[in-house]
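The structure appears right after this line, and notes come after that.
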Amino acid sequence: MRRLAVLGSTGSIGRGVLEVVDLFRDRFTVEALAAGGNVALLRRQIDRFSPRKVSVRSRGEAERLKAEKPHLEVLWGEEGLVALASAEEVDLVVIAVVGAVGLRPTLAALQEGKRVALATKEVMVMAGEWVIRRAEERGVEIVPVDSEHSALFQALGGKRKAEAIRRLILTASGGPFYHLPVEEMQRAGPDQALRHPVWKMGPKISVDSATLMNKGLEVIEARWLFDLPPERIEVLIHPQGIVHGMVEFVDGSVIAQMSRPDMKIPIAYALSYPERLPLPYPVLDLHRSGPLTFHPPDLERFPALGLAREALEAGGTMPAVLNAADEIAVEAFLKGRIPLGKVVEVVRRVLERHTWRPLSGVEEVLEADRWAREEARKVLEGIR
């Protein structure tokens, strides 16, 4: 019986985790749940899964929830996330919060020797070297939840085999604007960007998929998860969303992981690894899926991918700055303050203003993150 803490339980990944848990009550228990602003859904999750501990965004929300459910231990804020990730009664911590807030609880879980199912790619983007080092020091596994990294993880049998790999291939659907003229894409608003043609995802990752920033962040994540240099990690546009990742080995053979585009498949694998669960969902029918096509990405259409690679090559504080600036720019886009084309422009300007620094610890990562957020807000003021 695996005992779970689900951080980000009301988001798209968190809801998928709990759906899988609900199917396999004999294999999993939910010991802790953490949510952001959707406390109404969290209440329903508490009633269904009976966790011992929960955490919410603010102190006021925590006090109201504690008054309603006095049997619960109710925490709040970043410290609440860290406490749940470190809880003695938890075996597996699912990190499914949005953005940089996932870093500290991930490190806390690893420090306590807990396996991490990681859906928050920003954790590895900001501080991948330090996260992997902490996992290796504690002898703990990080199992990726993202469909692409799960695909690579599965193709590699869960092992890091850098010496046997020629290249890793991440696939991307191309997002909702793949066939639009670039000018129309740049003028697009939130309603258009959130209509992803293949996946059902949260707002932030949907926007990143539209700009292909998500694939740039995934390249950075893959560099650390699989211990490969950036030039051996490639991206291909695959509009059908059937092949999620491929590993080409040094002998020329390629192993691809394929499935229907359903996040519950990699979620279930991350929860049950190294076992597989008999999921009651439709299976992949290659006969009906039609031809599978692959194309190199157009970097003029998707400059975010090039920016991410530049940040990875630079190293140091640059990936953390890239990630933080993107979070602020996407937030502004979702609020209707800027069109889609300005998201990458904000990120580029912040990167150009940043003075590179090496990383000697997590505090430098967090300081770079704070600086980039402030600088991105200044850039946005100038765009108005």
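Coordinate-derived values only; no laboratory data. None of these values were measured; they are calculated from a predicted model. FYI the Cβ positions are ideal-geometry reconstructions off the backbone, even for glycines, and counts take in every protein chain you see.
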Please find the FRET efficiency linking Gln192 to Glu345, where r is the Cβ-Cβ separation and R0 is fixed at 25 Å, and quote it to the nearest 0.05. 0.85
Coil-residue GluC sites (Glu not before Pro) of segment 261-324, DSSP, other Cβ within 10 Å capped at 11: Glu275, Glu300
What is the sum of charges around Val74, taking Lys and Arg as +1, Asp and Glu as -1, for the other residues whose C-beta is under 13 Å from the C-beta of Val74? +3
Between Ser58 and Ser289, what is the label-point separation in nm under the 7 Å Cα-to-beta-carbon projection? 4.5
Scalar couplings 3J(HN,Hα) for segment 232-244 by Karplus 6.51 cos²θ - 1.76 cosθ + 1.60 (θ = phi - 60°), nearest whole Hz, x for Gly and Pro, are 9, 10, 10, 10, 10, 7, 9, x, 6, x, 9, 8, 9
Full extension from Glu231 to Glu381: what is 0.36 nm times the residue separation minus their Cα-Cα distance, to one decimal in nm? 50.4 nm
Pick out, in residue order, every one of the GluC sites (Glu not before Pro) in segment 41-109 that is DSSP loop and has at most 10 other C-beta atoms within 10 Å; say none if there are none. Glu88
Residue-wise HN-Hα coupling along segment 278-284, computed from phi with Karplus coefficients 6.51, -1.76, 1.60 (Hz; x: Gly, Pro): x, 6, x, 10, x, 9, 5
Taking the Kirkwood radius as the inverse of the mean 1/r across Cα pairs, report the Rg/Rh of segment 2-145. 0.95
Starting from the Cα-Cα distance between Phe249 and Val182, subtract it from 0.36 nm times their residue separation and give me the gain in nm to one decimal. 20.5 nm
At what distance in nm do the modelled label points of Arg138 and Arg337 sit from each other, each positioned 7 Å from its Cα along Cα→Cβ? 3.5
For segment 243-292 and segment 43-113, what is the centre-to-centre distance using only Cα atoms, to the nearest Å? 31
Amide H neighbours of Val143 under 5 Å, at least 5 residues apart or on other chains, H built in the peptide plane: list them. Val116, Ala117, Leu118
Looking at the chain, what % of its DSSP beta bridges pair antiparallel, to the nearest 5? 30
Pairwise label distance in nanometres, Val362 with Arg276, each label 7 Å out on the Cα-Cβ vector: 3.5
By average C-beta atoms within 10 angstrom, highest first, the peptides 338-347, 370-379: 338-347, 370-379
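Just want to confirm a number: the relative contact order over segment 248-384, from Cα pairs under 8 angstrom separated by 6+ residues, in percent. Before the final figure, lay out the partial values.
Numbers: 97 pairs, mean separation 29.4, N = 137.
This gives 21 percent for segment 248-384.
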Set the bar at 30 Å for Cα to Cα. Now go through Lys53/Lys264; Lys121/Lys159; Lys215/Lys264; Lys264/Lys378 and name every pair that lies beyond it. Lys264/Lys378
Distance between segment 1-30 and segment 316-366 - C-alpha centres, whole angstrom: 32
Nearest 0.05, what FRET efficiency do Arg166 and Glu112 give at R0 = 45 Å with Cβ-Cβ as r? 0.80
For the chain, modelled as a GNM with alpha-carbon contacts under 10 angstrom, which of Arg44, Arg104, Arg57 fluctuates the most? Arg44
